[in-house]
Each structure stands twice: as C-alpha cells, then as structure tokens.
Amino acid sequence: MTRMKIGILGGGRWGQALARLAQAAGHDPLVAYRDKAEKPPHIIPSTNDPPRVAQECDLLIAATSASELRSAIKLARPGPGNRVIIAGRGIEPGSGLWLSQVVQEECDAVRIGALAGPAPVDEILNGGLCAGVVASPYAEVRALFTTGLHSTRYRVYESDDLAGVQLAGAFVPVLATLLGMATTLRGAGVGVHAMVVARGLEEGGRLAKAIGARPETLSGLAGVGDLMASQATTAHPNFQAGVALAKGDRSQGPRAIAETIVKLARASRVEMPLTEAMVEIWKGLDPLEAVQGLMSRKATKEHG
C-alpha cells in the first residue's frame, strides 16, 4: 500500500481525531492549525501554514465548524488538483448555504465530498471503533477518502448522495435537541421519545425527496446512526441544549439551522411540523403548548 499524505484543515479535537484515523489506516496526516485560535496538535505532524497543506496533500479534510469553514478554505486556498471532504456539519450561518457551496465559492477545487455519521470524538481519541459515510458525486473522491481512512478502527461507507448526507448532517442536531427537550418535559416517556425519532426522520425524508436527495440516506449512518449516537448519552451538547430548552433557556442549540431548514421546507412545500414547533419554541412558545399542538393535529397516514 502506498502511503498517502492527508491534509486536515483544523487543529481542534475533531481534526486530531481524523488525523488519528488516518494514521490507523497507515497514512500520514498533516494538520493545519491557526495561530492563537488553535494550539499545535500533540504529537501529530502539523503546521500553521495552511497553503502548505493544500500544496502537499491531494486529499484535504475540512474539520471545522460551519461558521469557520469559509475562513479555513480562504486560508488554505485549495486548487483544482485538491479533493476536499467537508467533515463539519450544518449550514453556514447567515448565508444559509450548504457547506459544499461555501467551498465552491472560496476556492478552485471542484471535486468535493462530505462526511457524516456516528463518530464521537472522545471515543476516537481513546481508540474506540466507529464508522462514517463519505458522499460525493465523484467516485474518485469517495475512493480516495476510503483509501485514506478506512481501517479496522473506522469503517467507511460510500454514497453518491451529497445532498442527502449534507441534509442529514444539518438535521440530526435539530432532532437531537428535540429529543433532549422531549424527554425532559413532564409527562413525556419512551413513547414520546420513539415518536420523535420516527416522525422526525420521516420529516427529513420528505425534505430530502423534495430537494433531490434520497430519503433512505436519512435511514443510514448519516441519519439514524448519527442520531442514535447523539442521544445515547445525556452529555451530548445537542441533547443538553434540548434539556435547557425544556427549562426555558433558549440561548442554546442549532436554532439558526432549524430556521433555515424550515425556510427550505416551506419553499419546497414540505410539511415539517416537529421542526417548525422547535423554531416556535426558540421564539418563545411554551414547550408543553407546542407538544399539545402537535398531538392535536389531524390523524393522517404514516407515510406519504
């Protein structure tokens, strides 16, 4: 096997976790970190010269938050020869753009993909096992990422549904917040928990179909898998944001993402009552009143 040099934009814990996975697969990561904003990763090869990473590595993995992606791409300046995998999640705050669109706006790289799935950072850094799905319309991009990170520690699955994987990456945090809220409310139990999971994924599937993605992507690692990981521990930040929301703290959680998803759904004429209710709660609606409103909706078919 030929050793690859894999560039990782972002020296935070997620970037370091991905670097460990590249090492486990027998390759050489090079992490680009930012002075002042980030510290040099411990042990892992790194540089505070992001353009160097783009010049030396064909495969670049952008391991930043949605709000930091644009600046990371501007700093690294990937070119047409780079293959860029977005390992962040969500939608860019303010613009409402998918993260693949952000990359396309800020550099000359044209072959882009996205990574999603249940990959808890703490578990990866402690040697745990996990899996993810890499999506791109380009088979070459998917194959390069799979070669670079697939190992006995990290199973990589491939998909050509870039829109679906990006939607899942944005939507799962909203559902995880809803679960945290729902399981905290008085009178809620496992029945409510199960209903939120099932109906929430149904909503996501309807929107996926409307935007040209595949609904079944929400049933895979990027959707169900990631959601199960998000609610498996009450310490998860999105779950905790939902707990806070149930207690009246509206300062936490992926509100901007939920609002953007609702706008997209309305433009696509897709009903998303759970997501719409979450947005109204962030705006001030009492959570119990929102639940009562959802439960009093007219009976309908489960699918369709």
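The values are calculated or read from the model by the stated rules, or taken from the named source; none is laboratory data. Every value quoted in this text rests on a predicted model; they were computed, and no experiment measured them. So basically every Cβ, Gly included, is an ideal-geometry build from the backbone, and we count neighbours across all protein chains shown.
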Which residue, of V291, V270, V197, is more than 24 Å from L115 (Cα to Cα), in contact (Cβ under 8 Å) with a residue 12 or more places away in the chain, of a type in the set (V, I, T) and out of contact with any helix residue (DSSP H, G or I) (no Cβ under 6 Å at 6 or more places or on another chain)?
-> V291
Only residues that are farther than 27 Å from Q231 by Cα and modelled with pLDDT of 95 or more: list them for segment 109-134, please.
-> R111, I112
Could you say which residue among E92, E106, E158, E140 is of a type in the set (D, E) and under 14 Å from the mean Cα position of the chain (by Cα)?
-> E92
Identify, from the list I281, I257, the residue that is crowded, with 22+ Cβ neighbours inside 10 Å, farther than 19 Å from L201 by Cα, of a type in the set (A, V, I, L, M) and in contact (Cβ under 8 Å) with a residue 60 or more places away in the chain.
-> I281
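Residues checked against (1) farther than 28 Å from L167 by Cα; (2) in contact (Cβ under 8 Å) with a residue 40 or more places away in the chain; (3) in contact with a helix residue (DSSP H, G or I) (Cβ under 8 Å, 6 or more places away or on another chain):
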site	(1), (2), (3)
R20	no, yes, yes
D28	yes, no, yes
R34	yes, yes, yes
I44	yes, no, yes
R77	no, no, yes
Test: Y138 is surrounded by fewer than 16 Cβ atoms within 10 Å (Cβ to Cβ), in contact with a strand residue (DSSP E or B) (Cβ under 9 Å, 6 or more places away or on another chain), assigned by TED's automatic domain parsing to the domain that holds A22 and of a type in the set (F, W, Y) = yes
